[in-house]
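The values are calculated or read from the model by the stated rules, or taken from the named source; none is laboratory data. Just so you know, these numbers come straight off a predicted model, no measurement behind them. In this analysis, Cβ positions are derived from the backbone assuming ideal geometry, glycine residues included, and neighbour counts consider all displayed protein chains.
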Amino acid sequence: MEKFHALVKEKIQQNFCEPINRADARPTQEVQDGSITTEVEVLATSDQNCILIPSYACRTKNEQGKEVWKVHVRGWAYISKTQSRKQKIMMGVARRVAGVNNDEEKSKTLEDRVSMFLAKNLRNQDYIVQINGLAHPSHMELDRVPDDNSTILPINGLYSTKVTSGTGHFSGEIQILVDTVDQWIANAKEDNPARWLKLSAFPEREKETYADKSYGFANLIGVNGISIISDIDDTIKHTDISSGPRAALSSTFLYDQKEVSGMANVYQEWYKQGASIHYVSNSPWQLFPMLNQFFRNKNFPPGSAHLKLYNDLKSLIDSGNTKRKYIRDIFRDFPHRKFILIGDSGELDMEIYSDIADEFPSQILYVFIRDVSTERIKTHPPPPRRSKSFPFVQRSSPLPSKSAKTMPVLDDTNVVNFDDNSGDNSSDKISSSPSESDESSPTTPLTPLTPTIPSIDPLQEFNNRVDKCRQKIPNRAFVLFTESQDLIDNEIIKNEFLKLRK
């Protein structure tokens, strides 16, 4: 995923990374609040935004030893303006990279999806994030207004925290007593108790009634149960990363997002049976509004979202470390839950999941890897690879004479002996073995350079990679799948959900 993001990122990173600081603010204005006059800075911008990313809450104990929900808060503060001249130039570059014309319908789609990369981080802005009440989201979503399924309670900032958007991104925690949430659920008298909290965020310096709120959700996840760790690209959404950066770029920025057939039904079935879901991906946060639309349109169940922070070009070089960290943090927050890990064979999901299984063996229920490699290798085999090391070859013409030096004689038929006869005017010759003299060494024609290591069949190499990862999974609970029905039909998973219902 990182390779094709770099194509556009290299062209627009100056705009994206340019910070907005308090120095950009206009002179302060006075806001009359009863008998109190408060100074409020108004940023010189047309649109100041904050996104709360869907998160989760885990149970723990506070300093007084009471059971609390620890609610993770994550978000992004940014500025989106009418396009400047520089941004329009960058959009033109993006169109050329994508191969679309300005008057095409695809150009509008591209502009909408690239726009978040042109947004500017709002740095060093203080926000208040608070719990508003219970929620029943039916799918992944970002809200600017409360939805009809939320129970908004008059909490008056009792359960809140202050966060600062240091680089534009922010994180924090809110603690709320388990007894308090239990009482809310009991008072709601609902057949299907809420599994989510509704959150809201607004700039601290602005009076709440004058500020645009942003809304988000946090999943209440119990101590025991089943959790799903799911990749996004080529696992539940067709991205075609294995076809190369340009194909993945077109799939992401130009075309309608297509679901991997049946995956939404699988996740909905497991979610209804009580599973919690964490969507973990190397996709950048700037794509989350587009992914949010994908989740909604394809009816994927709600879950926490864990995407990668791309603040500069250095962050493109990651090798899955961010993904590993997200997953480790989730495992550590829920040491008694069982996990199903779902990914694809196109990138590093197998290696990351097998490493996690090796680290947390008692928590692994099953690993499912969607096979996007086998058919591609069969139909489009990669060119043979050449070794970086080659044997010396004999030459038909002599080498120029040198000063007297002798290479150490090695017991290797691929290494030749340089033998200097400094006593006469003859040129150096190369002999194919240490035991042969220059006089007896025949002159042979040029031989082609060939790899010292035989080439490996690409399909066999892929199967070796699969076997290596499978060996790390407890009880070999690992399968390559091509059809979503394979997940539903898995007997081990069926039995675990039966245990939950009991």
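A few remarks follow.
- For the stretch 305-334, filtered to residues that are out of contact with any Lys or Arg (no Cβ under 9 Å at 6 or more places or on another chain) and polar (S, T, N, Q), the residue that is modelled with the highest pLDDT is N321.
- Tabulated pairs, the stretch 476-496, first farther than 12 Å from L365 by Cβ, second assigned to a loop (DSSP other than H, G, I, E, B), C-beta under 6 angstrom, 6+ apart or interchain: L480/D371; T482/D371; S484/G262
- Residues satisfying the stated conditions in the stretch 457-502, i.e. touching a Leu at 6+ places or on another chain (Cβ under 8 Å) and in a helix (DSSP H, G or I): V466, I492, I493, E496
- With respect to the conditions (1) modelled with pLDDT under 95; (2) in contact with a His (Cβ under 7 Å, 6 or more places away or on another chain); (3) not in a helix (DSSP H, G or I), F295 falls short on a single one, namely (3).
- Summed over the stretch 48-69, residues that are in contact (Cβ under 8 Å) with a residue 60 or more places away in the chain and part of a strand (DSSP E or B) total 13.
- The set of residues in the stretch 255-288 that are in contact with a helix residue (DSSP H, G or I) (Cβ under 6 Å, 6 or more places away or on another chain) and in a helix (DSSP H, G or I) comprises V266, Q286.
- Top-ranked residue in the stretch 346-364 [being outside any helix (DSSP H, G or I) and either at pLDDT 95 or above or not assigned by TED's automatic domain parsing to the domain that holds D467 (or both); ranked as farthest from I488 (Cα to Cα)]: F360
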